[in-house]
Amino acid sequence: MPLSTERYSTADPSTPDGARVDEELANRVRARLVSEGARLTSRDIALAVREEAGTPLGDGEVLRTIRLLHREFLGAGPLESLLNRSDVTDVLVSGPNEVWLDRGHGLERAEVSFADEEEVRRLAQRLALAAGRRLDDAQPWVDGWLPENATGNTVRLHAVLAPVAADGTCVSLRVLRQTSHDLASLRRLSAFDSEICALLRSIVTSRLAFLVTGSTGSGKTTLLGALLGEVPSTERIVCVEEARELRPAHPHFVRLVARPPNVEGTGQVRMSELVRQALRMRPDRIVVGEARGAEVRELLDCLNTGHEGGAGTVHANSPAEVPARMEALAAHGGVERDALHSQLSAAIRVVLHMRRTARHGRHLAGIGVLRRFGSETTVTPVWEPGAGWGRESHRLLDMLAERSDAEEC
């Protein structure tokens, strides 16, 4: 179904003359809120409007201005309707007439446009403000999280201003939806078959520590959330995330969320620190939503201190590349190569690789087990779709059998 064409405007249709917000006032209010790092509430905006106006404003004029500035600062302009669509995962802007969306089948052009480059730049700066971040010529890029929108979804923002973005301001928005899947629903969506579904349940109940790998948008977080839903309800899961993505159906799921620095560069809470805090919260299992850097060190440390059955996600092109990827991430935390491989082989048992293709959608594309050869840790494939079980599949089955025998004893 074609999308309606829209042009971004700050005009308020509720007023007879469609009056626009005074641009100089809007710029002063924007600059004030950015410099103060103020929360974007009606009270904050009203105070900024009255103090920046320079002349007394009537209550009606203040209310109208606040309503328009809410749209100015909190709305996503013509992108709002795209972000609210249930099937959209990404919205990308690379120019006034270059707006694209992804509905799970690759990029397609959206019938939405901006008036000019300045409109795109202003929207990028407004979104950065809503995320509590700075975006200007001195800081020409931003990476942050927007507040939950009307549909309850969180949106990740990345933007780069011109001229760093050579062809004009670029905005990338990724929608993180609150909907969650269990293993049964993923099987119905053909992410894997019933045999693999049973195997995945066994991996969780046997408390084998695992990593879910794949590229951006491949379904790593979705699979991880479904697997965590299989953890027995008597166990406590403490999860460390960069954003609130995981929502497993589990009664004892505790989430710690990292916090970026504010516009003044203070107040940051790193994931590596939250992993250390998680260890003090009586966890049965510790989960790192996505290991991006130094927190790999703490993740491996805690998985080697008796917290079996932990999990995490890592960006990787294939299971075989996981050791090298973990090695690179651990280097940020000062972990030497030999120490990393030693910890990795002791901490992680299974790698589950997700992939998204136009033909098959998001699906489980491989299962591997970690093995140690001298000073090297490698990932040995044991199952792939189409090819089925490999010659080394007994290694995974042996691990599951060992855990089953231990539980019986």
| query | Does segment 377-398 include one or more residues that are outside any strand (DSSP E or B), modelled with pLDDT under 95, more than 20 Å from Leu199 (Cβ to Cβ) and not aromatic (Phe, Trp, Tyr)? | reply | no
| query | Which number in (1) buried (at least 22 other Cβ atoms within 10 Å of the Cβ); (2) out of contact with any Leu (no Cβ under 7 Å at 6 or more places or on another chain) marks the one condition that Ala209 misses? | reply | (2)
| query | Quick check: anything in segment 155-172 modelled with pLDDT under 85, touching a Leu at 6+ places or on another chain (Cβ under 9 Å) and either within 27 Å of Thr222 (Cα to Cα) or assigned to a strand (DSSP E or B) (or both)? | reply | no
| task | May I ask you to verify whether Ala130 is surrounded by fewer than 16 Cβ atoms within 10 Å (Cβ to Cβ), outside the structural domain of Ala358 (by the TED database) and in contact (Cβ under 8 Å) with a residue 60 or more places away in the chain? | result | no
| Every pair of residues 6+ apart whose Cβ atoms lie under 8 Å, when the first sits in segment 99-127 and is on the phi > 0 side of the Ramachandran plot while the second is small (Gly, Ala, Ser) | Gly104/Gly361; Gly106/Ala358
| message | On the basis of being within 13 Å of Arg297 (Cα to Cα) and outside any loop (DSSP other than H, G, I, E, B), does Leu370 make the cut? | response | no
| Which one is nearest to Ala226 (Cα to Cα), of the residues in segment 322-374 that are surrounded by 15 or more Cβ atoms within 10 Å (Cβ to Cβ), of a type in the set (D, E, K, R) and touching a strand residue (DSSP E or B) at 6+ places or on another chain (Cβ under 8 Å)? | Arg362
| message | Return the pair list, or none, for Cβ contacts closer than 6 Å from residues in segment 307-320 that are without any contact (Cβ under 8 Å) to a residue 60 or more places away in the chain to residues that are surrounded by 17 or more Cβ atoms within 10 Å (Cβ to Cβ) and part of a strand (DSSP E or B), at least 6 apart or on different chains. | response | His307/Ile286
| message | Could you check segment 242-282 and list, in sequence order, the residues that are of a type in the set (Ser, Thr, Tyr) and under 20 Å from the mean Cα position of the chain (by Cα)? | response | Ser272
| said: Just to confirm my filter: which helices (runs of 4 or more DSSP H) fall fully inside segment 183-279 and include at least 2 residues that are more than 30 Å from Thr357 (Cβ to Cβ) and not assigned by the TED database to the domain that holds Leu135? | reply: 271-278
| query | If we scan segment 288-306, do we find a residue that is surrounded by 19 or more Cβ atoms within 10 Å (Cβ to Cβ) and part of a strand (DSSP E or B)? | reply | yes
| note | The residue that is farthest from Ser94 (Cα to Cα), considering only those in segment 110-135 that are assigned to a loop (DSSP other than H, G, I, E, B) and touching a helix residue (DSSP H, G or I) at 6+ places or on another chain (Cβ under 7 Å), is Arg134
| query | Asn317 fails exactly one of the following numbered conditions: (1) outside any loop (DSSP other than H, G, I, E, B); (2) closer than 30 Å to Gly106 by Cα. What is the number of that condition? | reply | (1)
| So, in segment 46-65, of the ones that are surrounded by 17 or more Cβ atoms within 10 Å (Cβ to Cβ) and touching a Ser or Thr at 6+ places or on another chain (Cβ under 8 Å), which residue ends up modelled with the lowest pLDDT? | Arg64
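The values are calculated or read from the model by the stated rules, or taken from the named source; none is laboratory data. The shown structure was predicted, so the numbers you read here are calculated from the model rather than taken from an experiment. So basically every Cβ, Gly included, is an ideal-geometry build from the backbone, and we count neighbours across all protein chains shown.
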